[in-house]
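Here's the structure, in structure tokens; my notes come after.
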Amino acid sequence: MAVPDTILKSPQLPSLPAVAVRLLELARDPESEIQEVVETIQTDPALTAKILKAANSSYFGFRSKVTSVDRAVPLLGTTVVTSLALGFSLTDQTTPAGPMYEHYHAYWMQSLAQAAAADLLGKHARTAVECEFFLAGLLADIGRLAMLKTIAKEYVPVLEAAKDGLQTLHELEQEHLGYDHIEVGLELMRSWELPDPLLQSAALHHAEAGELQARSEDPHIELLRAVATAAAIGEYFCGYAKGQALQRAKQLTEKFYGFSEDALNEFIEQTSARIEEAGQLFSMNTSSIPDPSELLAQANEQLAQLAMRAHVESQQAKAREKSIEEEKKRLESKNRELQQQAVHDPLTEVYNRRFFDETLSHEIARARREAAPVALLFIDIDHFKRINDTYGHHCGDLVLQR
């Protein structure tokens, strides 16, 4: 099912401010200069302040204080600055108070976790710009934000259904709505004219390892693998299907990064610290995210529940299979019984007229084919009517049976 116009044409759909749009244009232009980026940022005092705050944050860890945009942009790089501008513009317009706060906060926490994990995985990459990994992780679930802002009434029940952790969110979205946040996010990102690598990473952030492996020749494969792995880490930190997310994270990190279980635990610890730094960068409270030891306990408990559920379902399936087999045997027996009744006289249990007619037809046909004779033998009981008239029909029936 295509993404409906109620989302794509909604005035509530997230949009980018003019400064962010201009920075994206400069990022796409290979002949653009750093000074153009500086001048664009300086047109927005609020963004200028946030870029300077970011440059002086522990997230980037520059040794000396950065006091001007002219110095911040060359230090951070235009890709980093563009990523930060996009992130700041989206968080500023989508953090409402009130009853919807829980769902927006959950979205941003998971997006920050994905961005932090992707950023760390980007350090393992041989080719791409690390902050491109951060932005790709941050935007991978942008479709969720679009659905919250445009179809909250229909979408919130899906988010609530995801809380039992038994199905992934995109599975529930497809089941309830007929489309998912991946499709919505891609439509939104295309309308923003974001670079193709960001679209690809969003499209594949829930892809299985085999599908990613099949794209090993893709020039952006390191970004695709990192965002898919970061999505599993983000789900582990902030989602509800923690057990499944942990299993997926183990599978992806082992296959693509050679992580042992200890290495994965260390990476999760690093990601936890990085999430806190990213939260400070975007002025978000990350205290709701559990620490790694608590996360592991929750994931193991959920995996145990899933294993128990699978065992119960297996036993129920076996019981259903046994019941079906017993019913099949009962019906087969009943069918044989009915077939017997159809060609036997209920009183004497000898073949009835129906059987006689069918058998005689077959025998005549056989005799014609083989040019053979057919013989009939008639047997009757003498004076049987006298028995019925004298002793009654019940006595007559006994005579016939014996």
*With respect to Thr79, is the statement that it is assigned by TED's automatic domain parsing to the domain that holds Thr168, touching a residue at least 60 places away in the same chain (Cβ under 8 Å), surrounded by fewer than 22 Cβ atoms within 10 Å (Cβ to Cβ) and assigned to a helix (DSSP H, G or I) true?*
no
*asked:* Which pairs turn up if I take residues in segment 162-174 that are touching a residue at least 60 places away in the same chain (Cβ under 8 Å) and under 19 Å from Glu208 (Cβ atoms) and look for partners that are β-branched (Val, Ile, Thr) and in a helix (DSSP H, G or I) with beta carbon separation below 9 Å, at least 6 apart in sequence or on another chain?
replied: Leu169/Val158
*Here is a list of conditions, (1) closer than 29 Å to Val158 by Cβ; (2) surrounded by fewer than 15 Cβ atoms within 10 Å (Cβ to Cβ), and Pro219 meets all of them except one; can you say which number that is?*
(1)
*asked:* So, in segment 107-142, how many residues would count as being among the hydroxyl-bearing types (Ser, Thr, Tyr) and at pLDDT 90 or above?
replied: 2
*Those residues that are in a helix (DSSP H, G or I), within 8 Å of Gly185 (Cβ to Cβ) and of a type outside the set (Lys, Arg), I need them from segment 136-158; list them, please.*
Leu139, Ile142, Gly143, Ala146
*asked:* When you check Asn335 against the structure, is it outside any loop (DSSP other than H, G, I, E, B) and at pLDDT 80 or above, yes or no?
replied: yes
_Lone qualifier among Leu166, Leu194 - being within 17 Å of the chain's Cα centre (by Cα) and not in a helix (DSSP H, G or I)_ = Leu166
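The values are calculated or read from the model by the stated rules, or taken from the named source; none is laboratory data. Just so it is clear, the model here is predicted, and its values are computed rather than measured. Don't worry about glycine lacking a Cβ; one is built from the backbone with ideal geometry, like all the others, and counts go over all protein chains shown.
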